Structure formats: C-alpha cells, structure tokens
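Novice: Handing you a structure now.
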Amino acid sequence: MPRFTTVALVAGAALLVRRAVRSRMSTAPLWPMPALDTPVSGYGRGSTVPRKVLVAGRATPAEGVVELRLEGAGLPAWQPGAHVDLVLPSGLVRQYSLCGDPDDGDAYTVATRLIEDGRGGSREVHEQLHEGVEIEIRGPRNRFPLVDSPAYVFVAGGIGITPVLPMLRAAEAAGADWRLVYCGRSRATMPYLEEITRLGGDDRVTVVAEDESGFPELEFLGRLPADTAVYCCGPDGLMDAVGAAMPEGRAPRLERFTAAATVGGTAFEVELRRSGRTLTVAADQSLLSAVREELPGITYSCRQGFCGTCRQRVLEGEVDHRDELLTDDERADSMLICVSRCSGKRLVLDL
Ligand code: FES
C-alpha cells in the first residue's frame with residue numbers, strides 16, 4: 001500500500017467500531033440508515049422539482065436492506081454524494097443517497113435499511129415500495145460532494161456506504177489513491193460488500209465486521225498527507241471518532257444522518273409578527289412545537305433540521321442555528337424552527 005498500512009487501517013477501523021458501539025445503547029441500531037426528509041414548502045426553498053418515478057427493480061443487497069431502481073423520464077444528472085427525497089405513499093418524506101451509476105440517465109438507485117424502531121419511513125419503503133409502484137421524488141441535491149483530490153480515505157458505517165459507493169467508483173475511475181474502511185454489524189448486513197471488495201481488493205478495502213473483529217487505533221488518520229480528502233458517513237459515534245483522529249486543523253467531510261438536538265437550552269419568547277401573537281418556548285420544547293400550538297397548519301416534515309420544510313424568515317433576534325442544512329447566507333435571515341432556537345431572550349418571526 002503506497003500511503004497507509006493495512007495494519008493501521010484495520011486497527012483504526014476497529015477503534016471506530018468500539019467507539020461507535022460505546023456511543024449507542026444496545027437497543028439502538030448501530031448503523032442507522034439514512035432517513036432524512038425534504039424541502040417541500042419551506043420559505044424560500046423551491047430548488048427541487050417534484051417528479052414521478054416508477055419502482056422498476058427491487059433487490060436485497062444485504063440482510064435488512066432493500067435496493068430500489070427508480071425509473072423516470074428526464075431525470076436530472078447527479079454527482080456522487082447526492083441524495084433524493086422520496087415522498088412515500090403515506091406522505092412521509094425520506095431522503096436517500098443515490099448509490100447507482102451517475103451515467104444511468106434512466107434511473108436512480110437508492111438503498112434503505114429497515115429500522116425496526118424507527119419512525120416508519122424505512123418500514124414503508126420495505127413493505128410498500130414494490131415493483132410497479134409509482135412515487136414522487138424531489139432532487140437530487142448534493143451537500144456531500146466529492147472534491148478533486150489525488151487521494152481519499154472513506155470511512156463508512158453500514159448503510160452509510162450508500163453515498164460512498166459512487167465515490168469509490170469515481171475515485172477508481174479517476175485513478176486516485178483511495179482507501180475504504182467499511183464497518184458494520186456483520187458481513188451479511190453490509191450492502192455492496194462484494195462489489196466493493198472486487199473494486200478495491202484487500203489493499204484498498206478494510207472490512208470491520210463487529211461480529212468478527214475489533215482492534216483499536218485510528219492513528220493512521222492523524223498521519224494522512226495534506227492532500228488526502230477524508231469522507232465519512234455513518235453513525236454519530238463513527239463520525240465523531242473520525243473527526244477526533246484527524247490532524248489538528250483538518251476536518252473530515254461528513255454526511256450526517258441523525259437528528260440534531262431539537263431541544264435543550266433556555267426558554268425564550270417568540271413573536272409571530274403577522275399573527276400578532278407572542279409565545280413562550282419552554283427549555284424542553286422545540287420552537288416548532290410552540291408555533292404549532294398557535295398555527296397548527298404550519299408546514300414541517302423531518303423535524304430534524306434536514307429537510308428545510310419548516311424554514312421561516314427571522315425579523316429580529318439572534319438565532320442558535322442547530323441544523324445541517326442552511327448556508328450562511330440563508331442563515332442571515334431565516335432559520336429551521338424544528339431544531340434551531342434563540343440564543344438570546346426573544347425572536348421575531350415573519351409568521
Ligand atoms: S421540518 Fe425538516 S428541517 Fe425542520
């Protein structure tokens with residue numbers, strides 16, 4: 001291996017797994033599926049055009065994982081790291097990384113793991129999205145783009161492999177020096193393992209299955225050359241461990257699929273200027289839930305700061321932004337009220 005030793009990779013990956021395991025209760029899924037939601041009608045967010053697609057293929061790339069081929073006309077081009085929003089038959093909106101071939105202009109491919117104790121989106125995908133079903137999608141959008149680099153390290157946990165898989169193919173096609181640390185509960189539950197192993201071989205791919213290995217060390221990340229781009233997608237514990245192991249002043253590129261903290265902090269007042277109402281948001285209450293008590297028809301979807309549906313214009317006050325979605329420009333005059341709060345005593349919203 002030109003840049004890293006296999007031993008270091010194995011050891012580092014194993015530490016990731018152990019930290020990830022420690023960070024979760026045993027009843028929680030160790031490697032949660034990407035299950036986010038979508039911009040639908042939030043203020044100022046109209047960048048995604050809805051379109052119909054047909055479930056034209058369905059496969060099982062690993063235990064508990066369903067892969068869907070979604071065919072449609074005139075599908076927009078996409079780049080590795082992109083995701084689409086699926087509007088499920090119930091109206092739930094969930095977000096999935098595209099894991100197929102960007103050159104396949106006739107279809108998108110997504111994969112989802114069934115989360116038994118989830119909020120219902122994955123179960124609906126598994127139980128209702130069979131071949132022949134038509135659904136609506138929005139997107140694609142990409143907030144996890146693959147930058148040009150001579151070298152990459154990818155770290156993926158379970159279904160977090162989905163945005164990484166097209167990156168691996170692109171890195172390989174570009175002749176880049178790439179490595180993957182792929183973690184999961186067991187090999188049987190890790191989708192696309194065969195293709196990935198074929199693509200990279202043992203030199204490039206380190207598989208860390210929880211049921212067969214567990215060895216420490218993340219040190220190799222701390223010794224990476226400056227021109228190596230690091231990408232990670234998986235559970236928070238994994239991403240935190242990767243971030244902690246990076247050289248000082250450098251950060252990995254992360255695709256975060258878990259919710260931001262929705263509550264916590266102190267109580268504050270919010271004035272709904274157009275409605276002429278002023279409310280108190282309790283310390284253990286989200287701003288969205290307080291607003292809904294006055295305006296029950298307000299739009300929202302994911303309640304996790306991912307989709308943008310609940311975005312509202314801020315007229316006055318300092319916002320404690322807790323989402324992963326808005327840009328700095330967008331944050332200048334708006335906020336996602338499902339997760340973000342007030343960093344002072346009072347906010348005024350254009351509601
Ligand atoms: S409801 Fe999705 S970001 Fe707020």
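Novice: Please compute the per residue accessible area over region 194-351 with all protein chains in place, 1.4 Å probe, rounded to a whole number of Å².
Specialist: Values: 7210 Å² over 158 residues.
Ligands and nucleic acids excluded, the figure is 46 Å² per residue.
Novice: In nm, to one decimal, how far is the MET246 label point from the SER90 one, both placed 7 Å along Cα→Cβ?
Specialist: A separation of 3.6 nm, rounded to one decimal place.
Novice: Counting other C-beta atoms within 10 Å, and keeping those with at most 15, which DSSP coil GluC sites (Glu not before Pro) do you find in region 281-351? Mind dumping the intermediate values first?
Specialist: On the way: sites: GLU293, GLU294, GLU316, GLU318, GLU324, GLU330; in loops: GLU318, GLU324.
Answer in residue order: GLU318.
Novice: Please compute, over every Cα-Cα pair in region 46-140, the percentage with a separation greater than 18 angstrom.
Specialist: Working: 1714 of 4465 pairs.
Tail of P(r) above 18 Å: 38 percent of Cα pairs.
Novice: Mind ordering 239-252, 180-193 by average Cβ neighbours within 10 Å, highest first? If you can, show how the numbers build up before the last one.
Specialist: Numbers: 239-252: 15.9, 180-193: 22.1.
With the highest mean Cβ count within 10 Å placed first, the list reads 180-193, 239-252.
Novice: For GLU294 and ARG331, what does the FRET efficiency come to when R0 = 25 Å and r is the distance between their Cβ atoms, rounded to the nearest 0.05? If you can, show how the numbers build up before the last one.
Specialist: Details: r = 24 Å, r/R0 = 0.96.
Here the calculated transfer efficiency is 0.55.
Novice: What accessible area per residue comes out for region 46-140, rounded to a whole number of Å², with a 1.4 Å probe?
Specialist: Values: 3940 Å² over 95 residues.
Per residue, region 46-140 has 42 Å² of solvent-accessible surface.
Novice: Roughly speaking, to the nearest percent, how much of region 268-349's 1.4 Å accessible area is carbon and sulfur? Provide the component values of the computation, followed by the final result.
Specialist: Details: 1470 of 3710 Å².
That fraction is 39 percent.
Novice: When the accessible area of region 46-140 is split by element with a 1.4 Å probe, what percent falls to carbon and sulfur? Can you show the working numbers first?
Specialist: On the way: 1840 of 3940 Å².
On region 46-140, the fraction of accessible area on carbon and sulfur atoms equals 47 percent.
Novice: I would also like to ask the following. Starting from a Cα-only point model with no solvent, please compute log10 I(q)/I(0) by Debye for region 268-349 at q = 0.11 1/Å.
Specialist: Taken in order of the listed q values, log10 I(q)/I(0) reads -0.23.
Novice: Given a Förster distance of 30 Å, report the FRET efficiency between GLU136 and GLU63 from their Cβ-Cβ distance, rounded to the nearest 0.05. Intermediate results must be reported in sequence, preceding the final value.
Specialist: On the way: r = 29 Å, r/R0 = 0.96.
It comes to 0.55.
The values are calculated or read from the model by the stated rules, or taken from the named source; none is laboratory data. Not measured: the values here are computed from a predicted model. Positions of Cβ are generated from backbone atoms using ideal geometry, with glycine treated the same way; all protein chains shown enter the neighbour counts. With ligands, DNA and RNA removed, areas are computed over all heavy atoms of the protein, side chains included. Shrake-Rupley method; radii C 1.70, N 1.55, O 1.52, S 1.80 Å.
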